[in-house]
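Q: Quick one: the structure is below, and I'll ask about it shortly.
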Amino acid sequence: EAGVTQSPTHLIKTRGQQATLRCSPISGHTSVYWYQQALGLGLQFLLWYDEGEERNRGNFPPRFSGRQFPNYSSELNVNALELEDSALYLCASSSHRGGLNEQFFGPGTRLTVL
Amino acid sequence: AQSVTQPDIHITVSEGASLELRCNYSYGATPYLFWYVQSPGQGLQLLLKYFSGDTLVQGIKGFEAEFKRSQSSFNLRKPSVHWSDAAEYFCAVGAWMDSSYKLIFGSGTRLLVRP
């Protein structure tokens, strides 16, 4: 069974540009979660999508957005990039709306903003 | 507010020695508790989880953790550490808030293993 996949592995952008990160969940999983892991800040919850809808978002500005497609894959978009957006972005999927089923994580996309 | 505290930023142990990583949580209801491990440049891998029942849970790679409600703790243990265990370890609480579910992570403990 294939795990959670993310692309690209690395992404380099300049300030003000837009970044698009992609995530494919484990087959059969309907929930996708996005986390930001910035140096010194730990893992911060960004967004949760389930069945194509945004269910919850963390304490991030609106320039962080995303969507979930009918096949349950997901995109994270970051507009007007700032230097502090440099981080490892992790995607996780779950077969249940949280709770009893754990989240399985992908390898992450490392975003560098110059 | 829900939170997870991992008081040790770094821990260094000798190969073959025992290990205990501390985790304390703050959550009003019965928590879902997790330990994840992250090797450099990698995503997170689930080591073990606690939902209910036996408070001593066994995980992969020889790890175990004990849920102690009275101490609000979920410490991770391993009797004999291997060099390949060097990584960062994250404790997490699964919390329902405002009809929505999220994982709240601790800040992590980096484990270094001396040969």
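The values are calculated or read from the model by the stated rules, or taken from the named source; none is laboratory data. What you are looking at is a predicted structure, and each value in this text was computed from that prediction instead of being measured. Cβ: placed from backbone, ideal geometry, glycine included. Neighbour counts: every protein chain shown. Ligands, DNA and RNA are stripped out before the accessible areas are found, and what is left, the full protein with its side chains, is counted by its heavy atoms. Shrake-Rupley method; radii C 1.70, N 1.55, O 1.52, S 1.80 Å.
Q: Could you work out Rg/(2.2 N^0.38 Å) for the protein assembly as shown, with Rg from alpha carbons only?
A: 1.01
Q: Can you give the mean number of other chain Cβ atoms that lie within 10 Å of the Cβ atoms in peptide A:47-55?
A: Shielding by partners across A:47-55 averages 1.
Q: Right, something else. Might you report the magnitude of the Cβ-based charge dipole of the stretch A:41-106 about its Cα centre, with Lys and Arg at +1 and Asp and Glu at -1, to the nearest 20 debye?
A: 100 debye
Q: Of B:Ala17, B:Ala87, B:Ala65, which is the most mobile in a GNM of chain B whose springs link Cα atoms less than 10 angstrom apart?
A: Answer for the Gaussian network model of chain B: B:Ala17.
Q: Sticking with this one: What relative contact order, as a whole-number percentage, does the stretch B:38-115 give when Cα pairs under 8 Å and 6 or more residues apart are counted?
A: Reported relative contact order: 22 percent.
Q: If you don't mind, there's one more thing I want to ask. Taking a 1.4 Å probe, which of A:Ser73, A:Ser24 shows the most accessible area, and what order do the others take after it?
A: Ranking A:Ser73, A:Ser24 by accessible area, largest first, yields A:Ser24, A:Ser73.
Q: Something else now. Under unit Cβ charges (Lys, Arg +1; Asp, Glu -1), what dipole magnitude, rounded to 20 debye, does chain A have relative to its Cα centre?
A: For chain A, the charge dipole is close to 260 debye.
Q: Considering only B:Phe51, B:Phe105, B:Phe67, give the residue with the highest GNM mean-square fluctuation for chain B, with springs between Cα atoms whenever their separation is below 10 Å.
A: Among B:Phe51, B:Phe105, B:Phe67, the largest mean-square fluctuation in the Gaussian network model of chain B belongs to B:Phe51.
Q: Estimate for me the total accessible surface buried between chains A and B (protein heavy atoms, probe 1.4 Å, no ligands or nucleic acids), in Å² to the nearest 100.
A: 1600 Å²
Q: Diagonalise the Cα gyration tensor of chain B and give the resulting equivalent ellipsoid semi-axes, square root of 5 times each eigenvalue, largest first, whole Å.
A: 24, 15, 12
Q: Now a separate question. At 1.4 Å probe size, what's the solvent-accessible area of A:His10? Round to the nearest 10 Å².
A: 130 Å²
Q: Please give the per residue accessible area of chain B, computed with a probe of 1.4 Å over protein heavy atoms only, in Å².
A: Accessible area per residue, chain B: 47 Å².
Q: What base-10 log of the normalised intensity I(q)/I(0) is obtained for chain A from the Debye formula, alpha carbons as equal point scatterers, at q = 0.10, 0.13, 0.15 Å⁻¹?
A: -0.26, -0.43, -0.58
Q: Averaged over peptide A:40-46, how many Cβ atoms belonging to another chain are found within 10 Å of each residue's Cβ?
A: Mean shielding by partner chains, rounded to a whole number: 4.
Q: For chain A, what does the accessible surface come to per residue with a 1.4 Å probe? Please give it in Å².
A: 47 Å²
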